[in-house]
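For reference, the structure discussed in these notes is given below.
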Amino acid sequence: MAGGAAVNVSGGKEYSGKMTNFVFLTCLVAATGGLIFGYDIGISGGVTSMESFLLKFFPSVYRLQEKSDSTSEYCKFNSEMLTLFTSSLYLAALVASFFASTVTRVFGRKWSMFYGGLTFLVGAALNGAAENLLMLILGRILLGIGVGFANQSVPLYLSEMAPAKLRGMLNIGFQLMITIGILAANLINYWTAQIKGGWGWRISLVLAAVPGGIIAVGALALPDTPNSLIERGHEEAAKAMLRKVRGTEEVEEEFRDLVIASNDSRAVKHPWQNILQRRYRPQLTMAVLIPFFQQVTGINVIMFYAPVLFKTVGFGDQAALMSSVITGVVNMVATFVSIISVDKLGRRALFLEGGVQMLICQIIVGILVGVKFGVTGAETELSKGYAALVVFFICLYVSAFAWSWGPLGWLVPSEIFPLEIRSAGQSINVSVNMFFTFIIAQVFLNMLCHMKFGLFFFFGGWVIIMTTFISFFLPETKNVPIEEMVFVWKNHWFWGKFIPDEALHIESRTAIAAAP
Ligand code: BGC
């Protein structure tokens, strides 16, 4: 319906380009940038629940938690200090993504990835060796800077390298690496929590150096994207690179369009002012709303606090940790559904199906938890079968996220911006994402305490809003060459009026004439 028809009336270009070993390998290496983000999402929840860690850095939180054991089940983990450790990193990432925007544009995508990996590496070392709160916080800030740089540059890199028809699939490599990072972190925490002597948390934190090292070294080996090479004036190198990534000599047409896009881009001296112009309103709206919506699906309640959440609904310690490993596996495996289908079914179909499935699961989980704990949240034991039912529906919810809002929340913003504001647009995407990740991490335990099982309905409400929004306002972008995306907006029933005719380069892009 609404935005669905737009796909047929894009620029109509079909450049040659197939899956070559070269494009596969470069995208694989770049995608490992997702590991550092994922590792971080997965590691902090487990570490902050380790006694020795709390005693060393947050003794007052530790005592508070001990004392509050007798109150309502919904409130027993509520502590702002506890969440600050988790959430502070995302603020650093938010700020860093703006600096990354300049590095990505002026020096090339690969250097942002490199700096991201390097700062993450140093942050991991500092965290693993932390003797006081200052070292810990400094380490967190460095990790955050690393995540900001990587998340700003990796999705752009992937979307620019990939041939249009495989862009979804190759870009989702980033999300796949995020989920692998989360799962690896969950498993490592499961192991280090059992280490006697109270220093297991050091291993958890220092192992972040592994994904940091991988992307730092990997980035050095990566070539830059043809788009970025042209943008920085290396046209010959760009053409050679385009031939190499596309695996064919016939790249003239695509090359010419990249050069046109780049000329536009040179005319724009201030991407940050430009992005506010009316003609970029559709893309800007998406760069703000998509990451916002991604976070208010409530996914990070599960990712950060799965063990806490499972304990809250009556699981024992071991069972809670195990259940969070299960959701981690589901999260990773379900991402493949998206990898396989995103360039065939399209982005909209996945968004819409995912939204409906998440909503149904949220309603059911809300009811299951509400029936057991009511509004008082009095302590009660869950039967095995009942607990399994809760985990089952949470897994169904996680899988829906993993093939919709998870990957598409990074893919769509990276492919909709014209070159001249692409880097700035992606920074907005990252910073909005990080801001709401921070908010959710910071207030979730408090919300659980006050909204109780209603929390599931709260996020469900947002899922209704975002699904409706996608249905009406997001045009389909599958298979459309990235520098031709403007046609998709021009032909959209609502956004079309924002795009001036001169944005289409009618003289060089005749295909628009053929559009219905
Ligand atoms: C989101 C993260 C989330 C992760 C879960 C990512 O796309 O940005 O906030 O934790 O997916 O797999």
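The values are calculated or read from the model by the stated rules, or taken from the named source; none is laboratory data. In this text, all values refer to a predicted model and were calculated from it rather than measured experimentally. Positions of Cβ are backbone-derived with ideal geometry, glycine not excepted, and every protein chain shown enters the neighbour counts.
The figures follow:
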quantity: Some residue of the stretch 385-401 being outside any helix (DSSP H, G or I), within 28 Å of K311 (Cβ to Cβ) and in contact with a Gly (Cβ under 7 Å, 6 or more places away or on another chain); calculated: no
quantity: Verdict on S404 being among the hydroxyl-bearing types (S, T, Y), within 15 Å of the ligand (Cβ to nearest atom) and modelled with pLDDT under 95; calculated: no
quantity: Qualifying residue in the stretch 450-462 (condition: closer than 27 Å to A319 by Cβ, assigned to a loop (DSSP other than H, G, I, E, B) and either within 16 Å of the ligand (Cβ to nearest atom) or touching a Leu at 6+ places or on another chain (Cβ under 9 Å) (or both)); calculated: yes
quantity: Selection count, the stretch 294-303, where residues are under 14 Å from T83 (Cβ atoms) and either at pLDDT 90 or above or near the ligand (Cβ under 8 Å from one of its atoms) (or both); calculated: 2
quantity: Residue among Q283, Q295 that alone is closer than 14 Å to A424 by Cβ and not hydroxyl-bearing (S, T, Y); calculated: Q283
quantity: Residue pairs meeting the criteria (Cβ under 6 Å; at least 6 apart or on separate chains; first modelled with pLDDT under 95, in the stretch 162-190; second more than 16 Å from the ligand (Cβ to nearest atom) and hydroxyl-bearing (S, T, Y)); calculated: I188/S204; N189/S204
quantity: Number of the exception - I421 against (1) modelled with pLDDT of 90 or more; (2) surrounded by 20 or more Cβ atoms within 10 Å (Cβ to Cβ); (3) out of contact with any Asp or Glu (no Cβ under 8 Å at 6 or more places or on another chain); (4) more than 24 Å from K372 (Cα to Cα); calculated: (1)
quantity: Every residue from the stretch 175-207 that is buried (at least 24 other Cβ atoms within 10 Å of the Cβ) and more than 16 Å from the ligand (Cβ to nearest atom); calculated: W201, S204, L205
quantity: Pairs where the first residue, in the stretch 257-270, is over 15 Å from E160 (Cβ atoms) and the second is part of a loop (DSSP other than H, G, I, E, B), C-beta under 8 Å, 6+ apart; calculated: I260/H505; I260/S508; D264/P418
quantity: Among residues of the stretch 93-136, those that are within 23 Å of the chain's Cα centre (by Cα) and of a type outside the set (S, T, Y), counted; calculated: 23
quantity: Selected residue [among the β-branched types (V, I, T), buried (at least 23 other Cβ atoms within 10 Å of the Cβ) and closer than 25 Å to A424 by Cβ] from I260, I215, I275; calculated: I215
quantity: Out of A267, A319, A306, A287, sole residue that is among the hydrophobic types (A, V, I, L, M, F, W, C) and closer than 28 Å to G168 by Cα; calculated: A287
quantity: Single condition D343 does not satisfy, out of (1) modelled with pLDDT of 95 or more; (2) among the acidic types (D, E); (3) out of contact with any helix residue (DSSP H, G or I) (no Cβ under 6 Å at 6 or more places or on another chain); calculated: (3)
quantity: Pairs with Cβ under 6 Å, 6+ apart, first in the stretch 320-335 and free of Cβ contacts under 8 Å to residues at least 60 places away in the same chain, second more than 12 Å from the ligand (Cβ to nearest atom); calculated: A320/P307; A320/F310; A320/K311
quantity: Residues (more than 19 Å from M434 (Cβ to Cβ) and either within 16 Å of the ligand (Cβ to nearest atom) or of a type in the set (D, E) (or both)) located in the stretch 124-157; calculated: E131
